[in-house]
Structure formats: structure tokens, C-alpha cells
Amino acid sequence: TTSLVYDFQRSMSRSTQQVQGMLVKVLNTQLFLAGGFFVGCICFVIDFAELPYLRNTSILSIPLSNLQNVCTPIANLFIITPYRRFESVSC
């Protein structure tokens with residue numbers, strides 16, 4: 001299966017490979033930001049459960065939950081906007 005994917009990627013045009021690379025970068029960034037929110041929620045649940053060996057998670061829950069709200073506009077400006085420009089030019 002991996003060889004079929006590799007053969008398919010080699011047969012794509014250069015511009016299609018660039019668009020695919022940009023798309024992978026955008027999706028990975030959005031996945032990272034959503035993962036930060038999930039980790040913040042897990043820290044909150046751990047703090048709420050009052051586990052004795054993980055007492056200092058309350059400090060982390062708010063910043064990790066807000067990581068998505070802070071970083072998403074930055075990602076939109078520097079990562080997603082060039083992808084949209086490239087996509088509109090190539091169509």
C-alpha cells in the first residue's frame with residue numbers, strides 16, 4: 001500500500017505536490033492547536049479529581065485551553081493565508 005501511495009505522489013505535478021505540502025502543514029497546525037485544548041481539558045479533569053500526585057495541574061489548565069484562541073489567528077495569518085492565495089491562483 002505504501003508503494004502505491006509513493007508511486008501516486010511521484011506522478012503528481014509539481015504544483016499539486018506543493019499544494020499537498022501546504023495542506024499537510026495547515027492540517028498539522030490545526031491538529032496541534034486542537035490538541036492543546038484537549039490537553040488543557042485533561043489537566044482540568046485531573047485537577048477536578050484531586051489526584052494527590054498531580055496537584056499542580058491547575059496552573060496549566062487555563063493557558064493550555066486558551067492556546068487555541070491565541071495561536072489560531074497567528075496560524076491563519078502566516079500559514080493558511082498563503083495556502084489560500086496559492087490555491088486561488090492555481091485554479
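Using beta carbons and a limit of 6 Å, which pairs, at least six apart or on different chains, have the first residue in the stretch 59-80 and within 22 Å of residue 45 (Cβ to Cβ) and the second one surrounded by fewer than 16 Cβ atoms within 10 Å (Cβ to Cβ) and of a type outside the set (Val, Ile, Thr)?
65/37; 68/37
Under the condition of being without any contact (Cβ under 8 Å) to a residue 24 or more places away in the chain and touching a Cys at 6+ places or on another chain (Cβ under 9 Å), which residue from the stretch 22-58 is most open to solvent (accessible area, probe 1.4 Å)?
Of everything passing the filter in the stretch 22-58, 32 is most open to solvent (accessible area, probe 1.4 Å).
Do we find that residue 19 is of a type in the set (A, V, I, L, M) and open to solvent by 60 Å² or more (accessible area, probe 1.4 Å) in this structure?
When the stated conditions are applied, residue 19 does not pass them.
Return the residues of the stretch 1-16 that are part of a helix (DSSP H, G or I), free of Cβ contacts under 8 Å to residues at least 12 places away in the same chain and surrounded by 11 or more Cβ atoms within 10 Å (Cβ to Cβ); say none if nothing qualifies.
If the condition is that a residue be part of a helix (DSSP H, G or I), free of Cβ contacts under 8 Å to residues at least 12 places away in the same chain and surrounded by 11 or more Cβ atoms within 10 Å (Cβ to Cβ), then 9, 16 are the ones that fit.
The values are calculated or read from the model by the stated rules, or taken from the named source; none is laboratory data. Fair warning: this is a prediction, and the values are worked out from it, not measured in the lab. Virtual Cβ from ideal backbone geometry, glycine too; neighbours counted across all protein chains shown. Quick note on the areas: whole protein, heavy atoms, side chains included, nothing else; ligands and nucleic acids left out. Shrake-Rupley method; radii C 1.70, N 1.55, O 1.52, S 1.80 Å.
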